[in-house]
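Q: Before I ask anything, let me first share the structure, which is written out below as structure tokens.
The values are calculated or read from the model by the stated rules, or taken from the named source; none is laboratory data. If you're wondering where the values come from, they're calculated on a predicted model, not measured in any experiment. For the accessible areas, the whole protein counts, side chains as well, though only heavy atoms, and no ligand, DNA or RNA atoms are used. Shrake-Rupley method; radii C 1.70, N 1.55, O 1.52, S 1.80 Å.
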Amino acid sequence: MGLIDIQVWARDPKQFGQRVTRYQRPIEQKESHKWLKSFAGAARLQRQLGAATTVVSVGDREADVYELFLLAQKDPLHPKLLIRAE
């Protein structure tokens, strides 16, 4: 057991109030992009280790984003996803 990717993150005070434009911005410009970056790191390790080892990408409620599930479906050997619902 171990950690693959850890991101220490805090919202930039200058970015408060951007919620009103969330539907117009691509995922790369959103705070939730950090979940895709973390999953990509887990996917790289899963490919290196192969199917004999299970890699699990864990996220909180904020990780429940459509783009993350799309990313996971693209790779048949993707790591497992564990996302907290509440």
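Q: Can you work out ³J(HN,Hα) from phi for every residue in segment 12-20, in order, using Karplus 6.51 cos²θ - 1.76 cosθ + 1.60 and θ = phi - 60°, giving whole Hz and x for Gly and Pro?
A: Once rounded to whole Hz, the list reads 5, x, 5, 9, 4, x, 7, 4, 5.
Q: Springs between alpha-carbon pairs under 10 angstrom, Gaussian network model over the chain: which of Phe39, Phe69, Phe16 fluctuates most?
A: Comparing Phe39, Phe69, Phe16 in the GNM, the peak value goes to Phe16.
Q: Report, by chain and number, residues whose modeled amide H sits under 5 Å from the one on Ile83, excluding near sequence neighbours (fewer than 5 apart, same chain).
A: The list, which skips near neighbours in sequence, is Gly59.
Q: Taking only protein heavy atoms into account and a 1.4 Å probe, give the accessible area per residue of segment 1-56 in Å². All intermediate terms of the calculation are to be shown ahead of the outcome.
A: Details: 4500 Å² over 56 residues.
That works out to 80 Å² per residue.
Q: Among Leu70, Leu45, Leu36, whose mean-square fluctuation peaks in a Gaussian network model of the chain (Cα, cutoff 10 Å)?
A: Ranking Leu70, Leu45, Leu36 by mean-square fluctuation puts Leu70 first.
Q: I've got another one for you. If you plug each phi of segment 69-86 into the Karplus form 6.51 cos²θ - 1.76 cosθ + 1.60 with θ = phi - 60°, what whole-Hz ³J(HN,Hα) values come out, in order, with x for Gly and Pro?
A: 5, 4, 4, 5, 6, 5, 10, x, 9, 4, x, 6, 10, 10, 10, 5, 8, 9
Q: Got the relative contact order for the chain handy, in percent, Cα pairs under 8 Å and 6 or more residues apart?
A: Values: 75 pairs, mean separation 25.1, N = 86.
This gives 29 percent for the chain.
Q: Moving to a separate point now. Report in % the part of the accessible area of the chain that belongs to carbon and sulfur, leaving out ligands and nucleic acids; probe 1.4 Å. Let's see the in-between values first.
A: Numbers: 3670 of 6760 Å².
Carbon and sulfur: 54 percent of the exposed surface of the chain.
Q: Can you count the Lys pairs in the chain with C-alpha separation below 20 Å, eight or more apart or on different chains? Don't jump to the answer; show the numbers that get you there.
A: Working: Lys14/Lys30; Lys14/Lys34; Lys34/Lys74; Lys34/Lys80; Lys37/Lys74; Lys37/Lys80.
Total qualifying Lys-Lys pairs in the chain comes to 6.
Q: Just the number, please: Stokes-Einstein D of the chain in µm²/s, Kirkwood Rh from C-alpha pairs, 10 °C, 1.306 mPa s. Please list the in-between numbers first.
A: Details: Rh = 14.1 Å.
It diffuses with D of about 113 µm²/s by this estimate.
Q: Let me ask another. Just reorder Glu62, Glu28, Glu86 by solvent-accessible area, largest first, 1.4 Å probe, all chains present. Kindly include the intermediate steps, with their values, before the conclusion.
A: Details: Glu62 70, Glu28 120, Glu86 165 Å².
Largest accessible area first, the list is Glu86, Glu28, Glu62.
Q: Of Lys14, Lys74, Lys34, which is the most mobile in a GNM of the chain whose springs link Cα atoms less than 10 angstrom apart?
A: Maximum among the listed residues: Lys14.
Q: When the helices in the chain are scored as -39500 (n - 2.57) per DSSP H run of 4 or longer and the sum is shared across all residues, what 222 nm value do you end up with, to the nearest 500 deg cm²/dmol? Walk me through the numbers on the way to the answer.
A: Values: 2 runs with 26 residues, N = 86.
Estimated from H runs of four or more residues: -9500 deg cm²/dmol.
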